[in-house]
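So the structure is just underneath, and the comments pick up after that.
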């Protein structure tokens, strides 16, 4: 497949919303023992559950290093496709390809530069070169030419689109020092407009408290459909999350989308604070240059980190009183999709959740 | 995809002949510097020519380690699919999947044990575990369940079939000490009957002189069509090849195939002896446990190591007076296919030729 020097906007391609129909989903198999406790075995079980669950609704490809190939193939359901792919960790939402489609039934991809959420400024591990090759390898498998941006760092989890001309991001992430400090906010916005083919960008100030991704939007807010945004919420004014969510609510309710619609915000209550336990901390290899997992640290838990697929929504739950509330609320917001709750503390311990470990491939006609 | 415990014969699957229609071809990118001279750069150029040439006729997938991924992607034509796959060397004919089909439009594969042409007895390198995983990874990409044989060693280059119930092998290879010494000739034949779904096996005594594969049939003889075999030949009675070819000729002309047809043999004259040069020898890393490439050693050159694809035959040539003779003869034997000669001394230096570095995926309806 080819590397393209143009941009999707110029060529008539757009990033479809996640709630549009998929051809499939990609997941990377977790294995690094300085991020996933106990040799990544507990995480592998949950990733397997996520892959097997999604695989009931749409084709799933799990990519995995040669070292873990046979183990992954053995654990995953027969209907999950398993393909070798070297990686630095398992966040394909962030390092994977962002697919774009046109109305002629063609698919291409945007291959952003990936630098492990901040490179040498505040990145989470080093090196990240294998992860940065993931998108181009996905493009070969999906037979999609790609727009490669050598000079623009972005993760897929830091953007959401409504498929009708609107993108949603956080300033905390996109304006961070570790990504594109050479560009102004306006220049960054222009990149989004050119490569996602959107006309308007909604800039939420901050994401979830203590989110190591510099506040990715996908843990904080999501488009349920055009004009409707699900927002992580707490009523607890003493929670540092309160200010973040309140600001986002006020901002979104004051804004309109690319089509001029006022934004309707739906609150999704977060679980109560979840802290890393001593046992969990001790199961992680201590390695220089990798973010340590310290006992007592608060995790960036949020139900908004759900994945919307063909006929279903896969939502992380935490054995928390708010689990039921989130499930009920999402069922109301997605009346035509089955809600698939998955106990996902193990993914959270690694620094993200179900949305972060998945990357959809949009269907073409 | 699933691992199957049955066998193709029982399930109504058969290995089609190479001259039947293909869905595509696989090739492994060469890189090991203890087999390919000058950092494998000359070989990579020729593999690129082979892949790009075949890609004009049928879909080609080149699989490649992560280390060489970007280099391979850059060198190969855009229409060649490039997929990461760890490997020990680049002989996918031998370590890859042997695909079988049925008359209901289904495809499966046989995943033989691979031990680098003789394991600890007289294998050519150690270890070979990555190569032994290639077949299962091809099966995932082609969405084919596989029959895995943990206790039976075989390389795809050691078998040919006519698609109508006949297989052709050499005793030199299949009865070698390094493969299945625990099995009798009759038991080995039964494995071929069960897993290729053939009724008759033709046992040529020996392959090409000094062939490091223990005389693979694919360097010595090939089915042009049912009832017709192309055989490597020399008239030089002083060439050690003479006795081998003469014995094979006498044997084949005395035999019938599974359908009771007498075998018609077509002679393909080999090039004159080709020896490794000093410069070629010096370009190869010297590593314990890998077959050394010694100046003056005779290479197992044969035009019969050609690949038959959709509408073409890719044939190795050696800048030898017999090149034209081989091309002319093959054009007579394959009147409906374009003959594509490729100067392939570099592949020969690594120990095989065009047939050895390709593995077809048969088309299903």
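The values are calculated or read from the model by the stated rules, or taken from the named source; none is laboratory data. Model, not experiment: these values are computed from the prediction. Reconstructed Cβ throughout: ideal geometry from the backbone, glycine too, with neighbour counts over all protein chains shown.
Just wondering, is there one or more residues in segment B:132-145 that are touching a helix residue (DSSP H, G or I) at 6+ places or on another chain (Cβ under 6 Å), surrounded by fewer than 24 Cβ atoms within 10 Å (Cβ to Cβ) and more than 10 Å from chain A (Cβ to nearest Cβ)?
There is no residue in segment B:132-145 that is touching a helix residue (DSSP H, G or I) at 6+ places or on another chain (Cβ under 6 Å), surrounded by fewer than 24 Cβ atoms within 10 Å (Cβ to Cβ) and more than 10 Å from chain A (Cβ to nearest Cβ).
If you take the residues of segment B:68-78 that are more than 9 Å from chain A (Cβ to nearest Cβ) and in a loop (DSSP other than H, G, I, E, B), which of them is surrounded by the most Cβ atoms within 10 Å (Cβ to Cβ)?
B:76
Output the number of the condition that residue A:51 fails; it satisfies all remaining conditions of (1) within 20 Å of residue A:116 (Cα to Cα); (2) in contact (Cβ under 8 Å) with a residue 24 or more places away in the chain.
All conditions pass for residue A:51, except number (1).
Mind listing just one residue for me: the one in segment B:283-311 that is out of contact with any strand residue (DSSP E or B) (no Cβ under 7 Å at 6 or more places or on another chain) and free of Cβ contacts under 8 Å to residues at least 40 places away in the same chain and, of those, surrounded by the fewest Cβ atoms within 10 Å (Cβ to Cβ)?
Filtering segment B:283-311 for residues that are out of contact with any strand residue (DSSP E or B) (no Cβ under 7 Å at 6 or more places or on another chain) and free of Cβ contacts under 8 Å to residues at least 40 places away in the same chain, the one surrounded by the fewest Cβ atoms within 10 Å (Cβ to Cβ) comes out as B:288.
Could you please give the count of residues in segment B:307-365 that are closer than 16 Å to residue B:42 by Cβ and in a loop (DSSP other than H, G, I, E, B)?
Summing the residues that are closer than 16 Å to residue B:42 by Cβ and in a loop (DSSP other than H, G, I, E, B) in segment B:307-365 gives 8.
Looking only at segment B:6-24, which residues are closer than 30 Å to residue A:62 by Cβ and either touching a helix residue (DSSP H, G or I) at 6+ places or on another chain (Cβ under 6 Å) or within 14 Å of chain A (Cβ to nearest Cβ) (or both)?
Hits for segment B:6-24 are B:7, B:8, B:15, B:24.
Can you spot a residue in segment A:232-252 that is under 28 Å from residue A:321 (Cβ atoms), under 20 Å from the mean Cα position of the chain (by Cα) and assigned to a strand (DSSP E or B)?
yes
Restricting to segment B:186-196, name every residue that is closer than 10 Å to residue B:8 by Cα and more than 19 Å from the chain's Cα centre (by Cα).
Within segment B:186-196, B:193, B:194 meet the criteria.
Can you tell me which residue within segment A:88-113, out of those that are surrounded by fewer than 24 Cβ atoms within 10 Å (Cβ to Cβ) and outside any strand (DSSP E or B), is farthest from the other protein chains (Cβ to nearest Cβ)?
So, considering only residues that are surrounded by fewer than 24 Cβ atoms within 10 Å (Cβ to Cβ) and outside any strand (DSSP E or B), the one farthest from the other protein chains (Cβ to nearest Cβ) is A:103.
Can you name every residue in segment B:235-270 that is under 25 Å from residue B:117 (Cα atoms) and in contact with a helix residue (DSSP H, G or I) (Cβ under 8 Å, 6 or more places away or on another chain)?
Hit for segment B:235-270 is B:270, nothing else.
Those residues that are farther than 28 Å from residue B:178 by Cα and in contact (Cβ under 8 Å) with a residue 24 or more places away in the chain, I need them from segment B:214-251; list them, please.
B:224, B:225, B:226, B:227, B:228, B:234, B:235 - these are the residues of segment B:214-251 that are farther than 28 Å from residue B:178 by Cα and in contact (Cβ under 8 Å) with a residue 24 or more places away in the chain.
Kindly provide the set of residues from segment A:164-184 that are within 16 Å of residue A:123 (Cβ to Cβ) and either touching a strand residue (DSSP E or B) at 6+ places or on another chain (Cβ under 9 Å) or crowded, with 17+ Cβ neighbours inside 10 Å (or both), ordered by number. Full working, then the answer.
From segment A:164-184, those within 16 Å of residue A:123 (Cβ to Cβ) are A:172-174, A:176-181; that's our starting set.
Result: A:172, A:173, A:174, A:176, A:178, A:179, A:180.
Pick from B:126, B:152: which is away from chain A (no Cβ under 14 Å), surrounded by fewer than 24 Cβ atoms within 10 Å (Cβ to Cβ) and either touching a helix residue (DSSP H, G or I) at 6+ places or on another chain (Cβ under 6 Å) or within 23 Å of residue B:307 (Cβ to Cβ) (or both)?
B:152
What about residue A:160, is it more than 19 Å from the chain's Cα centre (by Cα) and farther than 22 Å from residue A:63 by Cα?
No: the conditions fail for residue A:160.
Which of (1) more than 12 Å from chain B (Cβ to nearest Cβ); (2) closer than 18 Å to residue A:132 by Cα; (3) touching a strand residue (DSSP E or B) at 6+ places or on another chain (Cβ under 9 Å) is the odd one out, the single condition residue A:84 does not satisfy?
Status for residue A:84: all satisfied but (1).
If I ask for residues that are part of a loop (DSSP other than H, G, I, E, B) and more than 12 Å from every other protein chain (Cβ to nearest Cβ), which ones from segment A:43-67 would you list?
Within segment A:43-67, the first condition is being part of a loop (DSSP other than H, G, I, E, B), and the residues that meet it are A:56-59, A:65-67.
Once the filter is applied, which keeps residues that are part of a loop (DSSP other than H, G, I, E, B) and more than 12 Å from every other protein chain (Cβ to nearest Cβ), segment A:43-67 yields A:56, A:57, A:58.
Any residue that is at pLDDT below 95 and touching a helix residue (DSSP H, G or I) at 6+ places or on another chain (Cβ under 7 Å) - is there at least one of those in segment A:280-293?
yes
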